[in-house]
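Note sheet for the following structure.
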Amino acid sequence: MTASIAAEDVPAFYEGAKFYSPAVGDANRSSVTSWLAGLLDRNGPVPLLKVESLAPETPCVSVCVLGSGSAMADLPPAGDEFEAAVRRIERLEQTRFGAIYPLAAATISALVAVVTAAQLGVPLIDADGMGRAFALIHHTAMHLAGVSPTPLAAVGPTGESVLVEVPSGPRADRMLRANVDTVGGWAALAAYPTTAGVLRRAALPGTVSRIANVGRLLLERTDPDRLVTRLGAITGCRRLARGRIVELEHLSRPSDVTIPAHPSSLVVEEIGDLERQLRIELRSEIVAVFADGALIAGAPDLMCLLDVSRGSLATLDSLEPGDLVDVLVTPADAIWYSPEGMRMVGLVSHGIPLAHPRRR
Amino acid sequence: MSRPSTLPITLGELTRIEPLSDAVAHLFDPARPVEQVVLAETFDRLRRCPPHVLVVLHDEAATGGWSLAAALHLAWERNLSAVVVSRTVAGSSSAALAERLHMSLIVIDADPIDVALQLAGQVSAPAAARALRQARLAEQLAEQNGIRGVLGALNRELRPVSVALVLGEIVLAGQAAALTDRHPVKQVEVAVNAPGERSSARLVAAVPVPGLAVGQVESLLKLARPAVLAAWAQSRLDAAGRAAHEQAAFELLRHLSAAPPAGPGEAEVEVPSWTGELGWEVGRANRAVWLAPVRPSGVPSPEVTHLVRAAWQRGHAAWPLIAEGDGWLSWHSGADPDDTAALRRALAGFRDSAAAHALVIGVGRAHDGVPGLMRSAAEARLAAHVAREGGPTTVQWFDQVGASAALAWLPTTEIAQVADLCLADLMAARDRAALVQTVLAVLDCGGSLSQASNRLGVHRNTVLARLTRARQLGLTFEDPGQRLALHVICYALASLAAEESTP
């Protein structure tokens, strides 16, 4: 078990975080990883604690990046945004947070949680709210457990900040989104102020150390078959099929209103005995995989494509017809397959009114 | 009039009439019956469809991408007949998936609700839908004015049924697959003859069973009968007119080439411009072909000429065919007199027809201009006479004939009659065939007994004995005054005997 995160863990941490949000491109890679590695070099490793090892009354807050990753690459952080967001809530609540946890242990958000912990000099909790990345800030285990995301503070790269106090999680997301563009396209978010005692039942445990382990595997660059077996041991992931991309479909289709994304499809001809036609539905991530029209995996499962020739994860903006890919599916945390979880992040939320293959 | 069929309408029939006639249909099985039409706007509705339903996707079930793939899969699970979907939703991979699932996919441009309503009406009243189809076919047939056009329209409209117009066992037009019965098919035949006319021509259709209404196909064939008759009569009229035209034109050409040049400077006969109107090519290297029956029996009938023309001009519509004496003349013009590839291909293709009509073929040499054509025609005719010795389908090139061609012109029958009178003893002898053969061999071999015995495959003494007996019966070939006459008589008798022994 990783007891702390040091500068040398950063590349693995980044790779693992990418595995759990495969849609995100690599635009921020070097700036964020070198920023974090520098911080850890100067301030020393950040302790990574199990939530049970903290006193139940310890105040905790989650952080994440709100908005678009490419906007963050265009307008890089000044460096104090996350610290400022946390301090803002500390002032409001008149408290001092004793630990930080990531809202989502995936994407750049997993890294900024380490950054914030290093800046504030507090430990990082080995737990998060999503276990992967979802689109909206109330798509969390804390929300399902009745923990309010507010008061929350969002600080943009311009130094401006927004403080939101609303009783309902979904309302908070709408109010924030209206402001993200104004403050610079992305914002540092501090939300879900609570205590370690609440997090013991409300957060998903072990998800931060998991991405570090996954990242180490991905960096080894072994052959795809062995990689999938090893990933399966840590994450429960398995290969649905191996095939060649034959078509990228960008159809203008009616999109659902809850999640901002442009629906499109990827058609893959399976290689092997079955030779099925796979259809991979894309929103801001892969939301469903059909084999010959039969649904074989869908949100909240985490689906990603492994570029077989390179032995690395393929991001959705780098796909080309002719690429040979493995379609991998990783089960999400169990809470997302509950009726409430499925309503929030399941297939229906992406406009696909079909029964999930795990619940048929 | 037979009772209209009340069998469920098939996919193939539906796609022939509005509103699906304009749609892009990827039909896996056109003979698949459609018992009901469902307008499905949710996947729940799809899941409740009974088998043999044609489903029109709409609204939620037709949002594109995954939805069509999922709908095709459900249709396959439910054993539905076909899926109809708007073009905005269907990509090329959807057609590929439909094919993989053996599911029929029909892509429409019109509004799905309107289409579903129209289809529901057609499926609930199959007889009315079929009547509509007959009307549509009648319209299409009325637009055609050739046999090929009529058969093409029939085959298009009746797919997957193949239809052919057959005379005897020969397919005149349409798909030859109509005569084969590889698949489980039922053959439907409709005789094609005008009132009071006896003809063996008929329309034959191979109908895949089970699935398609055989009675329906039969009534559609009957609907096509007047169109076939009209087109056929027209083509026969045209052919007769053209044959007369070509014959006259060739006769004129012959006169032109025979007339002496008008002035000392005009050694060449100019090619008249009207040959172009007939589609003829004259002027470059012309190589004539003479088609002739192996046993000439006067001027061939127009019907035979029609059939030979159809076979000869298959693929070479511009090559002329002129009825001339007891055979037909054609020619090929090219820039290179040595290039015979096209002609050889045509001859190979004509072989079956030559066998069917018991024809032999003579080919002349290539000569320039109109006089050259006439010369080549004479050579071809001579070669055809020589070819008769080889039996039907023999092709004789004049280059390979030489002076022996003269023998082909011998009136062998008349010479045999002379022999009957002059050599009565010989003609009465039972062994005359062997005697004639032996004398002919000895004369052919310039009197050499050993060569003759080799050629005949008998002992030299046998040859000697036969010659002695032949002399006693009047074949006194050592007499120089009689030798040529006896040689010719022996040749004529031997050729006649050879002809009689061939079937």
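The values are calculated or read from the model by the stated rules, or taken from the named source; none is laboratory data. Please read all numbers here as calculations on a predicted model, not as lab measurements. All Cβ positions, even for glycine, are placed from backbone atoms using ideal geometry, and neighbour counts span all protein chains on display. Ligands, DNA and RNA are excluded from the accessible area calculation, which covers all protein heavy atoms including side chains. Shrake-Rupley method; radii C 1.70, N 1.55, O 1.52, S 1.80 Å.
Only Lys, Arg, Asp and Glu count, each charged at its Cβ (+1, +1, -1, -1), so figure out the dipole size of chain B about its Cα centre, rounded to 20 debye.
Once rounded to the nearest 20, the dipole reads 1340 debye.
When only Cα pairs under 8 Å and 6 or more residues apart are kept, what is the percent relative contact order across the range B:325-390?
On the way: 41 pairs, mean separation 18.3, N = 66.
Once normalised by length, the contact order is 28 percent.
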Notebook entry, point to check: So for the range B:418-503, taking the charge dipole from beta-carbon charges (+1 Lys/Arg, -1 Asp/Glu), which of B:LEU456, B:ALA497, B:GLY474 sits furthest toward the positive end?
Noted result: B:LEU456
Notebook entry, point to check: Using 7 Å Cα-to-Cβ label points, what is the B:ALA485/B:ALA248 separation (nm, one decimal)?
Noted result: 5.0
Notebook entry, point to check: Looking at the range A:1-109, which trypsin sites (Lys or Arg not before Pro) are DSSP coil and have at most 13 other C-beta atoms within 10 Å of their C-beta?
Noted result: A:ARG96
Item checked: Most positive-pole-ward Cα, B:ALA71, B:ALA40, B:THR10, against dipole of the range B:1-73 from beta carbon charges -> B:THR10
Notebook entry, point to check: Ignoring the sites themselves, what is the longest stretch of chain A with no GluC sites (Glu not before Pro) in a DSSP loop and at most 16 other beta-carbon atoms within 10 Å?
Noted result: A:166-274
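Provide the net charge surrounding A:LEU305, with neighbours chosen by a C-beta distance below 9 Å and charges set as Lys +1, Arg +1, Asp -1, Glu -1. Walk me through the intermediate numbers first.
Details: positive: none; negative: A:ASP307, A:ASP323, A:ASP326.
After counting each charged neighbour, the total is -3.
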Margin query: Please compute the contact order of chain A in relative form: average sequence separation of alpha-carbon pairs under 8 Å and at least six residues apart, divided by the residue count, as a percent.
Written below: 18
Item checked: Inter-chain shielding of B:57-69 (mean C-beta neighbours from other protein chains, 10 Å cut-off) -> 6
Checklist line | Within 10 Å of each Cβ in A:289-300, the average number of Cβ atoms from other chains | finding: 4
Next item on the list: May I ask for the angle, rounded to the nearest 10°, between helix B:126-143 and the longest principal axis of chain B, with both axes built from Cα atoms and the value confined to 0 to 90°?
Entry: 40
Notebook entry, point to check: Could you give the dipole magnitude of the protein assembly as shown about its Cα centre, charging the beta-carbon of Lys and Arg +1 and that of Asp and Glu -1, in debye to the nearest 20?
Noted result: 2000
Item checked: Sequence-separation-based contact order of chain B, relative, with Cα cut under 8 Å and 6+ spacing, percent -> 9
Checklist line | Selection from A:LEU217, A:ASN43, A:LEU152, by position along the positive dipole direction of the protein assembly as shown (Cβ) | finding: A:LEU217
Item checked: Apportionment of accessible area to carbon and sulfur, the range A:275-326, percent (1.4 Å) -> 41
Notebook entry, point to check: Modelled label-to-label distance, B:ARG156 and B:ALA465, 7 Å Cα→beta-carbon offset: nm?
Noted result: 7.9
Check: Under a plain spin-label model, where a point goes 7 Å from the Cα along Cα-to-Cβ, how far apart in nm are B:LEU132 and A:ALA178?
Finding: 5.4
Check: What trypsin sites (Lys or Arg not before Pro) in the range A:219-252 are in a loop by DSSP, with at most 13 other Cβ atoms within 10 Å of the Cβ?
Finding: A:ARG221
Check: Sorted by accessible area with a 1.4 angstrom probe, largest first, how do B:ILE322, B:ILE113 fall?
Finding: B:ILE113, B:ILE322
Next item on the list: Order the following by accessible area, largest value first: A:TYR20, A:TYR337. Probe radius 1.4 Å; ligands, DNA and RNA are ignored.
Entry: A:TYR337, A:TYR20
Check: How large is log10 I(q)/I(0) at q = 0.08, 0.09, 0.10 Å⁻¹ when the Debye formula is applied to the Cα atoms of the protein assembly as shown, each weighted equally and without solvent?
Finding: -0.86, -0.96, -1.07
Margin query: In whole Hz and in residue order, list the ³J(HN,Hα) couplings for the range B:33-46 that follow from phi through the Karplus curve 6.51 cos²θ - 1.76 cosθ + 1.60, θ = phi - 60°; x for Gly and Pro.
Written below: x, 10, 9, 7, 10, 10, 9, 9, 10, 10, 6, 4, 4, 4
Next item on the list: Using the heavy atoms of the protein chains and a 1.4 angstrom probe, tell me the accessible area per residue for the range B:299-345 in square angstrom.
Entry: 47
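Within 10 Å, Cβ to Cβ, of B:ALA96, how many net charges do the neighbouring residues add up to if Lys/Arg are +1 and Asp/Glu are -1?
Its environment carries a net charge of -2.
Determine the sum of side-chain charges near B:PHE350: Lys and Arg each +1, Asp and Glu each -1, restricted to other residues whose C-beta is under 11 angstrom from that of B:PHE350.
+3
Find the sum over both chains of the accessible area lost when A and B are paired, probe 1.4 Å, and report it in Å² to the nearest 100. It would help to have the intermediate numbers written out before the result.
Details: alone 14460 and 25460 Å², together 38370 Å².
That pair hides around 1500 Å² of surface in total.
Loop-only check: which GluC sites (Glu not before Pro) in the range B:1-52 are DSSP coil with at most 10 other Cβ within 10 angstrom?
none
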Note to self: Counting heavy atoms of the protein chains only and a 1.4 Å probe, report the per residue accessible area for the range B:1-116 as a whole number of Å².
What the structure shows: 41
Notebook entry, point to check: Could you give the length gained on full extension between B:GLU500 and B:SER124, defined as 0.36 nm per residue of separation minus the Cα-Cα distance, in nm?
Noted result: 128.3 nm
Item checked: Residues listed by number, the range A:76-119, amide nitrogen under 19 Å from A:SER338 label point at 7 Å toward C-beta -> A:103-105
Notebook entry, point to check: Between A:SER53 and A:GLU275, what is the FRET efficiency for a Förster distance of 41 Å, r being their Cβ-Cβ separation, to the nearest 0.05?
Noted result: 0.20
Item checked: Rounded tilt (10° steps) of B:432-444 against the dominant C-alpha axis of chain B -> 80
Check: So if we plug the beta-carbon distance of B:GLN472 and B:THR180 into 1/(1 + (r/R0)^6) with R0 = 51 Å, what FRET efficiency do we get, rounded to 0.05?
Finding: 0.20
Notebook entry, point to check: What is the helix-to-structure angle for B:369-387, meaning the angle in degrees between its Cα long axis and the longest Cα principal axis of chain B, kept from 0 to 90 and rounded to the nearest 10?
Noted result: 80
Notebook entry, point to check: Counting only the backbone N, which residues of the range B:50-87 are under 11 Å from the spot 7 Å out from the Cα of B:ILE113 toward its beta-carbon?
Noted result: B:59
